[in-house]
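For reference, the structure is listed below as structure tokens.
Bear in mind that the values in this text are calculations on the coordinates, not laboratory data. For clarity, every value in this text was computed on a predicted model and none was experimentally measured. So basically every Cβ, Gly included, is an ideal-geometry build from the backbone, and we count neighbours across all protein chains shown.
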Amino acid sequence: AFVDTYREAQRARVAKLDDIAHGLIETRMAARKKFKATGDAKDRVIGAHTPVMTIWRTAADLRYFDLALDPSDRKYGSVWGQDPYQSNYGNVGFARFCSPESWLSTWSGLSSQAEMAKTSPAVEQPSILIAYTGDNTVYPSDSTAIFEAIASADKVQHKIRGDHHGHALAEGEEPGRIEAGKILTDWLASRFPKE
């Protein structure tokens, strides 16, 4: 029940941020229109100004901090580190500073069209999906859903030990990106042989 309540609160927060972004865009566009009619310098400034939204608390996926959710080889924390206060309130984080348009087009889970579930069904070309088992940003359920949504009949998925960037998960292990590179090289050679 907690996870459902938490996710619903996240959706409500994103909807509020979307409303703010739309409002900022509408204010700018109205000022541009008014300036064309009146030539008022104040409207010209408002119409030219692109405000920057500061978005806090974007390292908010419960899977960052509860490893029992969507289990994998990942470590505690987000791609930004193990300190949720730093990744949520520090100066670096997902979508920390963005224009209203970039919030809506890229980061909003409600408004953005940049979502694999929406775009993968259009992929009919040969496809390879490489998922790192210790990725703390793309989880097993995510990579499985993306793979299943790809329309291509010629598709393959590989799961490789590694973190989000393909680094080794344990000392002495070969980095996952090495194996990923070999797999990708073989896959490309089998589909696009040298002439």
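Take the Cβ-Cβ distance between A170 and I20 as r, set R0 to 35 Å, and report the resulting FRET efficiency rounded to the nearest 0.05.
0.20
Which of S105, S120 has the fewest other C-beta atoms within 10 Å, and how do the rest follow up to the most?
Listing S105, S120 from fewest to most nearby Cβ atoms yields S105, S120.
Amide H to amide H, which residues 5 or more places from K155 or on other chains are under 5 Å from it, using H placed in the peptide plane?
Amide H to amide H, under 5 Å and 5 or more residues apart or across chains, K155 pairs with S127.
On a 0 to 90° scale, report how tilted helix 176-191 is relative to the longest principal axis of the chain, with both axes built from alpha carbons and the result rounded to the nearest 10.
Once rounded, one gets 80 degrees.
What list of ³J(HN,Hα) values in whole Hz, one per residue of segment 6-18 in order, does the Karplus curve 6.51 cos²θ - 1.76 cosθ + 1.60 (θ = phi - 60°) give from phi, with Gly and Pro shown as x?
Each residue's phi maps through the Karplus curve to give 4, 5, 5, 5, 4, 4, 5, 5, 4, 4, 5, 5, 4 Hz.
Using a Gaussian network model of the chain whose springs link C-alpha atoms within less than 10 Å, name the residue from L169, L17, L69 with the highest mean-square fluctuation.
Checking each option, the largest mean-square fluctuation is seen for L69.
Using θ = phi - 60° and the Karplus form 6.51 cos²θ - 1.76 cosθ + 1.60, what ³J(HN,Hα) does each residue of segment 104-116 get, whole Hz, x for Gly and Pro?
The phi angles translate into 5, 7, 10, 9, 5, x, 9, 9, 5, 9, 7, 9, 4 Hz.
Among all the aspartates and glutamates, which ones have a C-alpha under 17 Å from K16's C-alpha, if same-chain residues fewer than 8 places away are not counted?
The qualifying aspartates and glutamates are E8, E26, E101.
Which percent, nearest 5, of DSSP beta bridges in segment 51-191 are antiparallel?
Antiparallel bridges: around 35 percent, rounded to the nearest 5.
Once phi is turned into θ = phi - 60°, what whole-Hz ³J(HN,Hα) does the Karplus curve with 6.51, -1.76 and 1.60 give for every residue of segment 47-52, x standing for Gly and Pro?
Couplings: x, 8, 6, 9, x, 10 Hz.
Translational diffusion coefficient of the chain at 4 °C, 1.567 mPa s, Stokes-Einstein with Kirkwood Rh over Cα pairs, in µm²/s as a whole number.
On the way: Rh = 19.8 Å.
Reported coefficient: 65 µm²/s.
Using modelled amide H (1.01 Å from N, peptide plane; none on Pro or chain starts), what sits under 5 Å from the amide H of M53, excluding residues fewer than 5 places away?
Distant-sequence amide H within range of M53: C98, S99.
May I ask which of K33/K118; K159/K194; K75/K182; K75/K118; K75/K194 have a Cα-Cα span longer than 32 Å here?
Going by Cα-Cα distance, K33/K118; K75/K194 fall outside the 32 Å limit.
List the residues whose amide H sits under 5 Å from the amide H of I160, counting only those 5 or more places along or on another chain, with H placed 1.01 Å from N in the peptide plane.
A131, Y132, T133
Lys/Arg Cβ at +1, Asp/Glu Cβ at -1, dipole of the chain taken about the Cα centre: which of A122, A149, A21 is farthest positive-ward?
Farthest towards the positive pole: A21.
P(r) tail for segment 116-191, what percent of Cα pairs lie past 16 Å?
Percentage above 16 Å: 52.
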